[in-house]
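Notes to accompany the following structure.
The values are calculated or read from the model by the stated rules, or taken from the named source; none is laboratory data. All values reported here derive from a predicted model rather than from experimental measurement. Neighbour counts run over all protein chains shown; Cβ positions are idealised from the backbone, glycine included.
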Amino acid sequence: MRLAVLLGTSEPTYELIFNADGSRTYTERRWQQLGGSDQRRQLVQLRERWHAESDALVNEVAERDGVDLEVAALRATLQRMRGNPAGGERILREFIDSHDASEQTAQMYIVLSQYQAEIGNAQTALVSLRDAVRLQGSSPIGDIAMGNFLFNRGQYEQALAHLEKAIAVSYDRALDLRAIECYANLRQFTKAEERLAKVMAQGEMDYIIAMLQALIAHGQGEDLLAAGDGSRTALRSPARCAGNRRAANADRPHPAPAAGAVFRAAGEANRPDSLAR
């Protein structure tokens, strides 16, 4: 499948044109000697051959194993990468329509919503996520996907409603941390601190927790200033700066993200494998 993606999405260059014996057809000098129209024709022919080989590989898998969500998502992605986003969306919709409504269909709607978001159709993605929530059954996959989607759009209050539902059904530490960031972004710092303390009691300090502490401490300092109580002494006190010190001393496997993206990396854990390939 990876080869199908590579062939179906790569952009050809003259260095990738080979003879039957495996040698390169063109040196840079020979390539430059061709006219512009001949260069374009050669690259178009190579691109079309790659696309045909990619489709053949996907069809081979589909004939052997059947058309599942992964195959449908791959076909849609290939259409999008070839400049036909509407065709890709149609593939996913037809795949969903071929199945009866069920919890499995909810996962299909999540994949469709992610595709729609990737091609810039946020409103249709939201509609698809509503279908996922409606069909999710006992598993909160729809609420998780909706919560993440709304969070990434900065709609923290709406995101919280779905995240809290998902956490109530099946506790997940990553979702809990995302909910805490929502509370912090909504400036409900007391609730964020209380919730974060419960998470910290479950295990060791990590980078995301340190960044959340810094985000909460920063917001509390801003509120003090806005209220007229933000003297330099208050803002520099150990209690007010504790979160910032902990963030500075935390183990940092990568550069610190912006405050509004503390949880971004952890959110990828909820992405279906079919789109991560």
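If I filter segment 59-79 down to residues being under 13 Å from V5 (Cα atoms) and of a type in the set (D, E, K, R), which single residue comes out as farthest from the chain's Cα centre (by Cα)?
Going through the qualifying residues, I end up with R75.
Do we have A159 as assigned to a helix (DSSP H, G or I), closer than 27 Å to E222 by Cα and modelled with pLDDT under 95 here?
Against the criterion (assigned to a helix (DSSP H, G or I), closer than 27 Å to E222 by Cα and modelled with pLDDT under 95), A159 does not qualify.
I'm told L196 meets every condition in (1) more than 23 Å from A226 (Cβ to Cβ); (2) buried (at least 21 other Cβ atoms within 10 Å of the Cβ) except one. Can you identify the failing condition by its number?
Answer for L196: the failing condition is (1).
Looking at Y156, is it aromatic (F, W, Y) and free of Cβ contacts under 8 Å to residues at least 40 places away in the same chain?
Spelling it out, Y156 is indeed aromatic (F, W, Y) and free of Cβ contacts under 8 Å to residues at least 40 places away in the same chain.
Please specify each residue of segment 162-176 satisfying the condition of being closer than 27 Å to G221 by Cα, among the aliphatic types (A, V, I, L, M) and surrounded by fewer than 22 Cβ atoms within 10 Å (Cβ to Cβ).
Listed by number, the list holds a single entry, A174.
Please give the number of the condition G154 fails out of (1) closer than 22 Å to E181 by Cβ; (2) outside any loop (DSSP other than H, G, I, E, B).
(2)
So which residues in segment 1-28 are in a loop (DSSP other than H, G, I, E, B) and surrounded by 13 or more Cβ atoms within 10 Å (Cβ to Cβ), if there are any at all?
Hits for segment 1-28 are M1, S10, P12, I17, T25, Y26.
Kindly indicate whether L186 is buried (at least 18 other Cβ atoms within 10 Å of the Cβ), touching a helix residue (DSSP H, G or I) at 6+ places or on another chain (Cβ under 8 Å) and at pLDDT 90 or above.
no
Taking the options A52, A56, A106, name whichever one is under 21 Å from the mean Cα position of the chain (by Cα), outside any loop (DSSP other than H, G, I, E, B) and among the hydrophobic types (A, V, I, L, M, F, W, C).
Just one listed residue meets the conditions, A106.
Residues of segment 166-213 being among the hydrophobic types (A, V, I, L, M, F, W, C) and within 25 Å of V133 (Cα to Cα), which ones?
A166, I167, A168, V169, A174, L175, L177, A179, I180, C182, L186
Kindly indicate whether I208 is at pLDDT below 95 and surrounded by 13 or more Cβ atoms within 10 Å (Cβ to Cβ).
Yes, satisfied.
Only residues that are of a type in the set (D, E, K, R), in a helix (DSSP H, G or I) and free of Cβ contacts under 8 Å to residues at least 24 places away in the same chain: list them for segment 59-103, please.
Scanning segment 59-103 gives E60, E63, R64, D65, R75, R90, R93, E94, D97.
Just one of (1) closer than 30 Å to G120 by Cα; (2) surrounded by 17 or more Cβ atoms within 10 Å (Cβ to Cβ) trips up W31, so point out which.
It fails just one condition, (1).
So Q104 ticks every box in (1) modelled with pLDDT under 95; (2) surrounded by fewer than 23 Cβ atoms within 10 Å (Cβ to Cβ); (3) touching a helix residue (DSSP H, G or I) at 6+ places or on another chain (Cβ under 6 Å); (4) not aliphatic (A, V, I, L, M) but one. Which box is left unticked?
Answer for Q104: the failing condition is (3).
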